[in-house]
Each structure stands twice: as C-alpha cells, then as structure tokens.
Amino acid sequence: MTGYRPLVFAHRGGADALPEHTLGAYFRALEEGVDGLECDVRLTRDGHLVCFHDRRLSRTSNGKGLVSRRTLAQLDEFNYGSWHPGYPADEELPDLSRLLTLERLLAAVRECGRPVRLLIETKHPSRYGAEVERRLVKMLRRFGLAEPKPDDAVQVTVMSFAALALRRIRAQAPGVPTVYLLELLPPMVGKGRLPFGSRIAGPGVDLVRSRPALLSAMREAGHRTYVWTVNEPDDLELVLGHQVDGVITDRPRFVLDRLATM
Ligand code: G3P
Ligand code: CA
C-alpha cells in the first residue's frame, strides 16, 4: 500500500469491451468503478454536439460519409453498436446501438447518483472554427458545469490537441480545467510550460515511452499528467512507475484490477 492511486478514465467509454461512445459502454465503465469517462465531441450539420471519434461514420456505425454533413435526425437512423464484437447480435439494445449526444451523456452522468469526472475532447477546432467550443460552453452552462465548484458531483475537463481550442475554452469558461493533449513534444512543453492556463498535460503513452522526462518536467512545474491510451500491461507499469495522475484506458477493468493490488 503506497497511498498513490491515479484517476482511471474509460476511454470512449471503455472501447475494448463494448461499442465506443455508447451509453451502455459508459454505464458499464461507471459500474466497474472508474473515476471518469473520456468522450470526443463533434458537430452535426445542424449544430448538435455528438459523442463520436472519427470524421466518418463507417468504422463505428452502419452509416457512411461524414458526420458533419448529416443532421442529428439522419444520424439517428444508423446503428452504432452492431459493428463491435461485444454487441450481442440477438438483442435490441438501444444503449449500445444509439448515437449518443453530449446532452444525453451529461444528463445521464448527472442522474447516475455518483461523482463522475468527464473528459471532453473537442474535434476538430481548426476545421470547424470556434463553433465546437462555443456550443460546448453553452451546453456546460445549461447543465451548470461551466463554473465548477469543488463539491460538484460532475466535474468537466476539456481536452484538445489544439492550443487554439484551449484558448477558446479559457476565454469563455475560465474555471473549466483543460488538458493539452500531446503526440509530440513541443520545446515549451518539454520545459514544463503548457498553453493558455492549462494545468494538465495529456501525452500519449508512446510519447511517455520515448520522452519520460516530460513527466518530471510537468511535476516540477506543478502540472498534472493524464496519459492515454494505456491498454497494455507494460504501459500500465510504466505510467504507474512514474506516478501519473490519470490513466485513460480502453480497458478499465484491467486497470482497476491492477490498482486493487497496490
Ligand atoms: O484521451 C485522449 C485521446 O483520446 C486522444 O486520442 O484519437 O483517441 O481521440 P484519440
Ligand atoms: Ca479522444
């Protein structure tokens, strides 16, 4: 027993076992005991924020084409679970097959009766201008989440690979924490500096493997680190060894089981 325990976040709801970004996956992850959920958001043609990773529909639904070219009503026609090996073929499971809007996800976590940390990643700030962040902040305000207080049951953190998106969030909702996601290491980050008031670095595990000094630079600067996507035993041992603050994983059960042995 060391006293150290990182936060565990279910990446896309825990995408290994169940179809990603579905309410069923998010509920399963909460039942398993994660601290929080990770979710990507993008805009539909008629301006709704939906929980969806890819630009295109084809990998994670039976639809085709770009998410951004369809209205929410059109997107609702498709099945978002049947592509996944974890989807039971003989059952009608709306929670595992329906497109999830951010609004539905926020309502569900508010009602779930336990504290939830929600990591929301905006895709793609350069392609859609400021609209994703503007609509996200508007939605957070509606749910009373844009000015967080320490005892709020639902705590939202916004993540992006684009410093521009973090700047927009800071301008509109300065109290909402942000994570600067990293695949590469810009020199300023290597020296412990994060853009636009961000206090959390979000390196990919590949970057942690090749540049572990990043973690100590962040710690010395008083920043936290949330590492993605930690699915393999060696990677989990690596990030636990560095005492990172958050582990984002497609396999929450595997991470939680390992933490139970600490
Ligand atoms: O949690 C951050 C991670 O999700 C970033 O990569 O491609 O899975 O959105 P991606
Ligand atoms: Ca993501």
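The figures follow:
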item: Residue list for the range 154-176, filter: among the charged types (D, E, K, R) and either touching a Gly at 6+ places or on another chain (Cβ under 6 Å) or in contact (Cβ under 8 Å) with a residue 40 or more places away in the chain (or both); result: 168, 170
item: All helices (runs of 4 or more DSSP H) inside the range 1-104 with 1 or more residues being polar (S, T, N, Q), more than 16 Å from ligand 1 (Cβ to nearest atom) and surrounded by fewer than 16 Cβ atoms within 10 Å (Cβ to Cβ); result: 72-75
item: Residues (at pLDDT 95 or above, more than 16 Å from ligand 2 (Cβ to nearest atom) and either under 17 Å from residue 38 (Cβ atoms) or not basic (Lys, Arg) (or both)) located in the range 122-149; result: 137, 139, 140, 143, 144, 145, 146, 147, 148
item: The range 47-92 - residue that is acidic (Asp, Glu) and at pLDDT 95 or above and, of those, farthest from the chain's Cα centre (by Cα); result: 77
item: Number of positions in the range 166-206 that are within 13 Å of residue 225 (Cα to Cα) and under 18 Å from the mean Cα position of the chain (by Cα); result: 14
item: Odd one out for residue 96 among (1) farther than 15 Å from residue 53 by Cα; (2) modelled with pLDDT of 95 or more; result: (2)
item: Of the criteria (1) under 14 Å from residue 9 (Cα atoms); (2) surrounded by fewer than 17 Cβ atoms within 10 Å (Cβ to Cβ), which one residue 236 fails; result: (2)
item: Qualifying positions in the range 27-48 - away from ligand 2 (no atom under 14 Å from the Cβ), under 22 Å from residue 137 (Cα atoms) and not basic (Lys, Arg); result: 43, 44, 46, 47, 48
item: Residue list for the range 234-253, filter: assigned to a helix (DSSP H, G or I) and in contact (Cβ under 8 Å) with a residue 24 or more places away in the chain; result: 235, 238, 239, 240, 252, 253
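The values are calculated or read from the model by the stated rules, or taken from the named source; none is laboratory data. Source: prediction; values computed, not measured. Cβ: placed from backbone, ideal geometry, glycine included. Neighbour counts: every protein chain shown.
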